[in-house]
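In what follows, a single structure is set out as structure tokens and then discussed.
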Amino acid sequence: MATYSGEVVTDGGVSEEELAQLRAGKLMVRHKPGPKNALGLIKFVFPNADNIYLHSTPSQALFGESRRDFSHGCIRVEDPRALATWVLRNNPGWTRERVEAAFQAQKQEQVNLAHEIPVLILYGTAIAKEDGQVFLFEDIYGYDKALAKLFAQAYASKH
């Protein structure tokens, strides 16, 4: 467990006092980095209000599933080495070999980008192709219902 400023409080057993602080929201549980971490070996952090980031995963079999909403809001990356190589292409010295070495290293490392890369995340439940085909998908987050309510309110206010 750790404080929100990153100070490690315990690396093993948990006392009743620490458990009480955790329940009160004063501490957080952090899974150590490594091959068994659900977030995998790398995470790509970008500014956003929802604390969403891209990350690798040890659960590679999930990419074979047709439904992909297994995460808690973050986005699993199927080929994190390729993405890291592309993202770091403008950082001097970050070759494919260096990226691979970083994946093999047993230490945590933060790398800031030399140049910002815009990140755009879209969520859609319908896709219309140029040939007129329309594909509908399950609204796993329930946004369609909220959007329909807003449309109904807007329509009612004009009539």
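The values are calculated or read from the model by the stated rules, or taken from the named source; none is laboratory data. Owing to the predicted nature of the structure, the values given are computational and were not obtained by experimental measurement. Every residue, glycine as well, gets a Cβ built from its backbone with ideal geometry; the counts of neighbours run over all protein chains shown.
Here's the yes/no breakdown for (1) exposed (fewer than 10 other Cβ atoms within 10 Å of the Cβ); (2) within 30 Å of residue 147 (Cα to Cα); (3) aromatic (Phe, Trp, Tyr):
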| position | (1), (2), (3) |
| --- | --- |
| 76 | no, yes, no |
| 83 | no, no, no |
| 95 | no, no, no |
| 120 | yes, yes, no |
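For the range 136-158, the set of residues classified as part of a helix (DSSP H, G or I) and in contact (Cβ under 8 Å) with a residue 60 or more places away in the chain is empty.
Screening residue 126 on (1) small (Gly, Ala, Ser); (2) surrounded by 10 or more Cβ atoms within 10 Å (Cβ to Cβ); (3) assigned by TED's automatic domain parsing to the domain that holds residue 46 shows it passes everything except condition (3).
Residues in the range 92-119 that are within 20 Å of the chain's Cα centre (by Cα) and in a loop (DSSP other than H, G, I, E, B): 108, 109, 110, 111, 112, 113, 116, 117, 118, 119.
When you check residue 37 against the structure, is it surrounded by 13 or more Cβ atoms within 10 Å (Cβ to Cβ), assigned to a loop (DSSP other than H, G, I, E, B) and modelled with pLDDT under 80, yes or no? Taking the combined requirement at face value, the residue satisfies it.
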